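Report on the following structure.
The values are calculated or read from the model by the stated rules, or taken from the named source; none is laboratory data. Not measured: the values here are computed from a predicted model. Every residue, glycine as well, gets a Cβ built from its backbone with ideal geometry; the counts of neighbours run over all protein chains shown.
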Amino acid sequence: MHSMQHLRVPFAIQPLVEGYQFQRIRMGESAACVFRLSGLGQRPLFLKCAVAGSDAALSEEAKRLRWLVGRAPVPDVIAFLAEGDWEYLLVGALPGRNGVDAGREHPTAVVAGLADALRLLHAQPFIGCPFDQSLDAQIERARHRVEAGMVDEGDFDEEHGGRTAVELLIDVEKHRPTLEDKVLTHGDACLPNVIFEGDRFIGFIDCSRAGLADRYQDLALASRSIARNLGPHWIKPFFAYYGLPEPDESRLVYYRLLDEFF
């Protein structure tokens, strides 16, 4: 990711952000530069900037956010712009804070709230959803990323530490589940990507991987995030709230393995 020390706001976006103060946000492992914009008496906004074609996938996120309006609680897209090598996405901020911060004070509400939100999302009608996150599509993308040297082997989960991306790709192809129960998914439903106001679920952010996939895509990453951030003892309640008290452990393991490529 190229650094962006001096943000040059594209001409087309300038009128939309006039009078706002810009604050750089360090966001998890995001490949984007993210700024929180606040102004007196104006609603807060977020501006994301990234090199076109980078892992930030801002064009993918913009398309998905627009499609998800009315189907899931997500930020509204105010503007998306590609200029030169850069992409810019300006969205409305959801009120509140992410699930990691909220979970420290309200763990039960966050675990239950995320489970309920995913259950509702997975129950949405998805006819005409143009975003294919099926195993075919994801494995193809994983293969492309391995060949292009885009997979960060130093960032693998503990259980895959010391292994190569090529080895993991062989496992992904060999252990592919025969069953694929496709629903509308967020794609990266970990606690940093959900927003709570107090103890109330508000919505999903960082939606560049949303689309049709097995529900275990979300359940695997959500439960891993809950275990890491709130403690493993919250996994059982999470699945109980979701309505799946006996999850398929092998599919959870598989979708966490698949996530290593993205």
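Kindly establish whether G162 is assigned by TED's automatic domain parsing to the domain that holds F239 and modelled with pLDDT under 95.
yes
Residues that are within 22 Å of I195 (Cβ to Cβ), at pLDDT 95 or above and outside any helix (DSSP H, G or I) within segment 213-262 comprise A213, G231, listed in sequence order.
When segment 132-175 is limited to residues that are of a type in the set (K, R) and farther than 19 Å from D188 by Cβ, the one that is surrounded by the fewest Cβ atoms within 10 Å (Cβ to Cβ) turns out to be K174.
Within segment 196-207, if we keep just the residues that are crowded, with 24+ Cβ neighbours inside 10 Å and not acidic (D, E), the residue that is farthest from the chain's Cα centre (by Cα) turns out to be F196. Listed by first and then second residue, the pairs linking a residue in segment 52-76 that is more than 15 Å from F126 (Cβ to Cβ) to a residue that is among the polar types (S, T, N, Q) and not in a helix (DSSP H, G or I), with Cβ atoms under 6 Å apart and 6 or more places separating them unless they lie on different chains, are A57/S208; E60/S208; E61/S208. Residues in segment 112-134 that are modelled with pLDDT of 95 or more, hydrophobic (A, V, I, L, M, F, W, C) and in contact with a Leu (Cβ under 8 Å, 6 or more places away or on another chain): L114, L118, L121, C129, F131.
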